[in-house]
Amino acid sequence: MNAPLTHSLDARYYTDPAIFEAERKGVLARTWQFAGHGSQLEYPGDYFAFEMAGESLFCIKGRDGEIRTFYNVCQHRAHQLVNGEGSTRVVVCPYHAWTYELTGELRAAPNTKSVPGFDKSAVCLTEVRTELFLGFIFVNLDPDAAPMDAWFPGVREELMEWLPHWESLKPLEWVEIPENCNWKVSVENYSECYHCSLNHPTFATGVIKPETYDIQPEGYCLRHTTECQSLENMSYDIDRSKPHSEEYSSWFLWPMFSFQVYPGNVLNTYHWRAIDPDHVVVWRGWYTEGGWDSEVIRRLAVQDRATTVEEDIHLVESVQRGLKSRGYIPGPLVVDPECGVNSEHSVLTLQKWMREGIES
């Protein structure tokens, strides 16, 4: 007797503004999200602002060397405190000059000494859970969230094995890629290679060996593994001196970040920022030791942007348009019990997490 087929999510999960709003208050506010790289905050007072789950936040380095994240809002009358990135001795609100220490504590505020009972020690910026994960800054709006190592068991140790030089890695470049689709459409596309051979000829013939590609869930991580293409067919030169140099691996951390290690131990990342039900921005990051320029990696980044990235934009935007068609009826996922490159078992896992993120 055949098992019942598993169908894809209804279109409303990708198009309904009410569902997107539920996600902003739910899954996107209760999961670990990428904020930036530690090298962006080299000295005390260095900061950068960013958006996440509909909130404006900023990370700042304290004089004690600690990186903290705060909601970007003054506790006086709610003016935003900082924009972009920069460095400062103290955080001063542009509205009424309320001044905060780098730890978030109120330092001074004009004329408050004349206010009976005013206690500046009772005023502090609202802090956000922050973790430094192999030099990458992650935040979680849920103050009671389990630590990242509990969400993604074993990932830190695996990445240290694949990237023995991780402590010296710095961003070489980040490429910003707007996509006219729901964030889940983009994440699903990233998380299966059923479409790779047909749509990504450079990636499938010059980077990976598709017949060895597999994806398996481990905690809230989707673990991609494959062998690299035969060396004579590789589209770039690789350094074979390190362990795993002839393999490709990816660690997708639910819901919006992925570490990828290309053959030659080249680290690159994806991180997603959901804008609204129909728009997401994807950043593609490339890293080198010390952030030093590398002609090989620059060329690889250009190749990737012109091929895989550009090819995916057309795919996900077409899907988003199709999801709004009255003719779309969700079909069955291709879930192969043997898994492998032509199976959508990873999408099945993702859609389970997506439902939980909305319904919990």
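None of the figures in this text is laboratory data; all of them are computed from the coordinates on show. Only a predicted model underlies this, so the values are computations on that prediction, with no experimental measurement involved. Counting neighbours? That spans all protein chains shown, and the Cβs are built from the backbone with ideal geometry, glycine included.
Against the chain, whose longest principal axis is taken from its Cα atoms, helix 295-304 shows a tilt of about 70°. Tell me the GluC sites (Glu not before Pro) within the range 16-85 that lie in a loop according to DSSP and have at most 11 other beta-carbon atoms within 10 Å. Sparse-neighbourhood loop GluC sites (Glu not before Pro): Glu42.
Any chance you could give the angle, 0 to 90 degrees and rounded to 10, that helix 345-359 forms with the longest Cα principal axis of the chain? So the helix axis and the longest Cα principal axis differ by about 30 degrees. Beyond 15 Å, what percent of the Cα pairs of the range 16-76 remain? In whole percent, the long-distance tail amounts to 57. 3J(HN,Hα) along the range 330-337, derived from phi through the Karplus expression 6.51 cos²θ - 1.76 cosθ + 1.60 where θ = phi - 60°, amounts to x, x, x, 6, 8, 9, 8, x Hz, with x in place of Gly and Pro. Label sites at Ser325 and Glu176, each approximated as a point 7 angstrom past Cα along Cα to Cβ, lie 3.3 nm apart. Normalised Debye scattering of the chain at q = 0.06, 0.11, 0.13 Å⁻¹ gives log10 I(q)/I(0) of -0.25, -0.80, -1.08, counting only Cα atoms as equal scatterers and leaving out solvent.
So if R0 is 41 Å, what FRET efficiency would Leu134 and Asn111 give, r being the distance between their Cβ atoms, rounded to the nearest 0.05? Calculated transfer efficiency: 0.35.
Exposed loop sites, defined as trypsin sites (Lys or Arg not before Pro) outside DSSP H, G, I, E and B with at most 14 other Cβ atoms within 10 Å, are absent from the longest region of the chain, namely 90-239. Specify which residue in the list Ala301, Met160, Val319 is farthest towards the positive end of the charge dipole of the chain, using unit charges on the beta carbon of Lys, Arg (+1) and Asp, Glu (-1), about the Cα centre. Of the listed residues, the answer is Val319.
Please say if the range 41-107 is rounded, prolate or oblate, where rounded means a/c under 1.5 for a ≥ b ≥ c the square roots of the C-alpha gyration tensor eigenvalues, and otherwise the choice is prolate for a/b larger than b/c and oblate otherwise? Because a/c hits 1.5 or more and a/b fails to exceed b/c, the range 41-107 counts as oblate.
The residue list Tyr95, Ala53, Val115 was ranked by how far each Cα lies along the charge dipole of the range 44-162 toward its positive end, using unit charges on Cβ atoms, and Val115 comes out on top.
Sequence-ordered 3J(HN,Hα) estimates for the range 56-66 from the Karplus curve with 6.51, -1.76 and 1.60 and θ = phi - 60° stand at 8, 10, 8, 9, 8, 9, x, 5, 7, x, 7 Hz, glycine and proline given as x. Taking label positions 7 Å along the Cα-Cβ direction at both Ala97 and Asp336, the computed distance is 6.8 nm, reported to one decimal.
Just check the range 305-360 against the gyration tensor rule for me: Cα atoms, a ≥ b ≥ c as the square roots of the eigenvalues, rounded for a/c under 1.5, and otherwise prolate or oblate depending on whether a/b exceeds b/c. Oblate.
Legend: calculated FRET efficiency, Glu51 to Glu127, from the Cβ-Cβ distance at R0 = 25 Å, rounded to 0.05, equals 0.90.
Axis angle, to the nearest 10 degrees, between helix 310-323 and the longest C-alpha principal axis of the chain: 90 degrees. Of the chain, which part is the longest with no chymotrypsin sites (Phe, Trp or Tyr not before Pro) in a loop (DSSP not H, G, I, E, B) and with at most 14 other C-beta atoms within 10 angstrom? Segment 119-291 is the longest.
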